[in-house]
Every structure is written in C-alpha cells, then in structure tokens.
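The values are calculated or read from the model by the stated rules, or taken from the named source; none is laboratory data. The model shown is predicted, which means the values in this text are computed figures rather than measured ones. Because the Cβ atoms are built from the backbone with ideal geometry, glycine has one as well, and the counts that use them run over all protein chains shown. Keep in mind that these areas ignore ligands, DNA and RNA; they rest on the heavy atoms of the full protein, side chains included. Shrake-Rupley method; radii C 1.70, N 1.55, O 1.52, S 1.80 Å.
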Amino acid sequence: MELDGLPEPAALMAHLGMSGQLLVEEPAAPDEKHLKVRLTLSDMPDAPAELRFVDQRIFGGMFLSALTATSDGGPGGAGSMSKFIPQAAAHIARDVLDPVRSAEDLYTSLRKKTTQLKRAILDQEVISGVGNIYADEALWAAGLSGLRNTATIRRFEVTLLNEALIDVMTRALEAGGTSFDSLYVNVNGASGYFSRSLNAYGREGEPCLRCLEQGRQSLIRRDPFMGRSSYSCPVCQPRPRRIPR
Ligand SMILES: [Zn+2]
C-alpha cells in the first residue's frame, strides 16, 4: 500500500509472520482477541473502513519501506501502474498470478540455478506465492519430479509447470486457501476448502488418479523434504537418475 503525505515515497508493509492476519472490517465490528494494529482506510460513509492486523503470536508486524524501481520496469503490483516497489520486497520475484510474469521468465530463472526443481519453486527469488502444498500439486499436474535439476529443465516442461502453477493457485484462491490450521482464515474470516481437491499432497499410499485413469497402478509416495514432506507419483513424475542438492 503506497502512502501519501510522507517526506519520501514509502509503502506500508505487513509481515504476517507465523499467524498474522490482515482483515478488512467495518468499524462497528467487534475487536478481535489478538488485534494489534487498527488503521482507518477511508472516511467514505459506506466503504469498509478499517484495516486490522491481528496476530496471536508476535512474529508479524507492520512497517514503512522506501520505494525503489522494479527490476524489470513493470508495474510494482496489482491495482497500480506505478513502477516502484517497496525496498523491503525488492528481492522477491513476481507472484505466480502476476500478469507481467511469463513462462519464459520462469524458464530463465530456473536455468540460472543448479538445484532441485521443488526447492526453486519455493524460492521467493525465483517465483513467489507458492507454498509446499501448491508446489506438490503443480509438479504432479505437470508430471515433473521435484527432484529434477533446474539447470537441465526444458522449455516445454517449464511451460507445463507454469500453467500448472497458475491453475493450482487460481483454484486455491477461489476455494479460499488450503490451510489445515484453523488460525489461517481469509480476509472475511473463513478457512479454506481447497484441501478437498488435492491430487498429490497428503495422499500417501493412495492411488495416483492420473495413473488410475490411464489404467496403471501407482501409489502416491511421501518423502521428507526440508523438515516437511513431498508427495509425488513415482510413475508419472519420474525421478532423475542424478539428484542435485
Ligand atoms: Zn501417476
């Protein structure tokens, strides 16, 4: 959010930490139990008028950040044509659903690295907005193993992956998210239902639906991944012979 009336152009930033939420509320709405910051957005009589930062824990926060030019000269974010971005977010790559981003951009960023594909998708400096669950779902949809080496990924594979990422994130947003944690709710306070339509994540030992459709029998497997889990199909997401770090 870009702010007026400051000596230098700056944006209001919010870091959600582990459990922070930004809620848009009518001023008359009762205070949340863990309400930390209340901002009046507008004095329009009918507009939702309060932005509230609610955090049960203390890892989140709000702060001001000076603006800097975007590295690709494109608009800094949705809803504005301003070619500036907060300094504090300048290292973060464009979001999956950012219309300025292209499959070619993703291809270029991936090929610059020599790492596992899933690690790269979760790297905010490669592409932003993808969490562990969505990465597994997009890799499954694209038929790619997350262990593939980004340095050898091919253009048509990135095109498939890019389409899968956009599709998964679009559906997840429509459904309102996937969190299994009741702390995470959307701006209207409702938790997500996307978890009902997962194809890979959380389905260890269950049949891969694509393989089943094609008359093959294959079970989704779970592997440890950076303190969490990766779910994939060993048949339609073939592993590379050599796994990069
Ligand atoms: Zn499969």
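Where does the charge balance sit around residue 117 when Lys and Arg score +1, Asp and Glu -1, over other residues with C-beta under 12 Å from its C-beta? Net of charged neighbours comes to +4. Pop out the carbon and sulfur fraction of the accessible area of the chain as a percent, whole number, probe 1.4 Å. Answer for the chain is 54 percent, counting heavy atoms of protein chains only. Compared with the dominant principal axis of the Cα atoms in the chain, helix 155-175 is inclined by about 50°.
The packing ranking of peptides 198-205, 212-219, highest mean first, is 198-205, 212-219, where packing means the average number of other beta carbon atoms within 10 angstrom of each residue. Using the Cβ of residue 34 as centre and a radius below 9 Å, the other residues enclosed give a net charge of +1, where K and R count +1 and D and E count -1.
In terms of packing, defined here as the mean over residues of other Cβ atoms within 10 angstrom, the peptides 127-135, 51-59 line up highest first as 127-135, 51-59. Helical content alone sets the calculated 222 nm signal of the chain at -6000 deg cm²/dmol, taking -39,500 (n - 2.57) per DSSP H segment of four or more residues and averaging over every residue. Calculated accessible area for the range 1-94 comes out at 65 Å² per residue, all protein chains present (probe 1.4 Å; ligands, DNA, RNA ignored).
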